[in-house]
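See below for the structure under consideration.
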Amino acid sequence: MTTRLTTLLPTTLVGSYPQPEWLIDRQKLAGRFPPRVRAKELWRIAPQFLAEAQNDATLVAIKAQEDAGVDIVTDGEIRRESYSNHFATALEGVDTDNPGTALDRSGHPNPVPRVTGRIRRKHAVAVKDLQFLKRHTDRKIKITLPGPFTMSQQAQIDAYGGSREAAAMDYAIAVNQEIRDLFAAGADIVQIDEPYLQARPNDARQYGVKALDAALDGITGTTAVHLCFGYAAIIHERPEAYSFLGELGQCRCRQVSIETAQSNLDCSVLRQLPGKKVILGVIDLSDMAVETPATVAARIRRALPFVAAEDLVIAPDCGMKYLPREVADAKLKSMVEGTKIVRGELGANA
C-alpha cells in the first residue's frame, strides 16, 4: 500500500532525524554550532566504511518515519554533518582547506567556507541521496538543500568584491541546477532551508527573496522554503514572532515551512502567506517530554482560522537531529496521531 494519494493534513519532517550514536559523536555534535565547514572528526566510522554505515543509518531513519505513519519521508539528512555544509562545501570557488570566519546567528565567530572565486556547482551533490531514498520507500519523498541567502551569510566572501548579494546570486544558480537534477531523479518536494532570512532580516529584505526566486527560476516541481528561529538545542531564547515572513508571500516557492510550537507563535501571521501551503511546526524540540496527540491537535487547530486545512502540512519544529532517537520516534507518532484527530474532526479519513 502506498501513501501517494492526496492526504488531508499530510505529515512530514522538516528534514533531519537523529543520527545514531554509533555513527556520529552526538555529544560533540550538540556541543557546537552546526558546522559550516567539513567536520569529519564527528564521524565514528572509518572513512572506508562510512558510506555503507550512512546507508544503513538512513534505512533506520526511513523505517522510523514509516513506522510512525509519516506521509512524506526524508532521508533524515543522515549523511550530513549539518544542513548546509554538505552542499556549500561541494561548490567550486570555495576554499575549504583555509576557512574564513563569519558571525553565526547568535553573534559569535564561526569557521566558514571562504569564497575565493566564482561559485559554481561542479557536480550533483544530493542526487544519489535522493535516489537511495526513492529506492527504499514507496511514500512521497522530500529532500532539502541550503538556500542561497543563507549560504552567502555563512561564508567569508573574499571574491565578488566582498559582496554577499553578488555571491548569493551565483549560489542561487548552483541551487537551481541541483533542484532541476533532484526533480529529474524523482523528488516529490525539494525544500530550500533559509533560516538566515529570519536571522538577518535587514539583509534579507535587500536580496533574500531575489536570490530565492533566482534559485527557483523555471522550476515546476513542488518547492518549499524553510524558516526557523534556530535549533532549540543550541539557541534557547525563542522570539515570539518572525522578523521575515510576509515577504515570502510573493516568492516562487509553493510551500513555506515555519515553527509554531516552541515559540507559541500567533498563527494569525499566516494570513501574510496567501496562496502558499504552510508546513506547520507543531512539535516542541526544546522539551524532552512527548506531546500528547491532544496537544498536537490543539496546535494544528490554532492555524485553521488562518489557513485552509487543504493548505496545511504538519511537521515538527526544526532540529529533530538533536533529540534522543526514542524521544524523536515517540514525538513523531504523537504528531501523526494528533493529526488524525483533526482529520477526523474535518470529516476526512484518518
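Just so it is clear, none of the values below were taken in a lab; they were calculated from the coordinates. In this text, all values refer to a predicted model and were calculated from it rather than measured experimentally. Here the Cβ positions follow ideal geometry from the backbone for every residue, glycine too, while neighbour counts run over all protein chains shown.
Extension gain, Ala241 to Ser106, is 46.9 nm, computed as 0.36 nm per intervening residue step minus the present C-alpha separation. Which lysines have a Cα lying under 19 Å from the Cα of Lys28, excluding residues fewer than 8 positions away in the same chain? In chain and number order, the partners are Lys40, Lys321. Calculated mean residue ellipticity, 222 nm, the chain: -10500 deg cm²/dmol, from DSSP H runs (n ≥ 4) at -39500 (n - 2.57) each, averaged per residue and rounded to 500.
The long axis of helix 164-184 is offset from the longest Cα principal axis of the chain by roughly 50 degrees. State which stretch of the chain is the longest one without any exposed GluC sites (Glu not before Pro), exposure meaning a DSSP loop state and at most 10 other Cβ atoms within 10 Å. Value returned for the longest uninterrupted segment is 1-236. The trypsin sites (Lys or Arg not before Pro) of the stretch 85-144 meeting both criteria, a DSSP state outside H, G, I, E and B (loop) and at most 11 other C-beta atoms within 10 angstrom of the site's C-beta, are Lys122.
Would you mind classifying the stretch 198-350 by shape? Square roots of the alpha carbon gyration tensor eigenvalues, ordered a ≥ b ≥ c; an a/c under 1.5 is rounded, otherwise it is prolate if a/b is larger than b/c and oblate if not. Oblate is the answer for the stretch 198-350, as a/c is 1.5 or above yet b/c matches or exceeds a/b. What residue among Gly281, Gly107, Gly76 shows peak mean-square fluctuation when the chain is described by a Gaussian network model with Cα springs under 10 Å? Ranking Gly281, Gly107, Gly76 by mean-square fluctuation puts Gly107 first.
Scalar couplings 3J(HN,Hα) for the stretch 64-73, obtained by applying the Karplus form with A = 6.51, B = -1.76, C = 1.60 to θ = phi - 60°, are 4, 5, 5, 4, 6, x, 5, 7, 10, 9 Hz; x denotes Gly and Pro.
Rank these for me by crowding, Cys228, Cys267, going from fewest to most other beta carbons within 10 Å.
On the way: Cys228 25, Cys267 20.
With the sparsest Cβ surroundings first, the list reads Cys267, Cys228.
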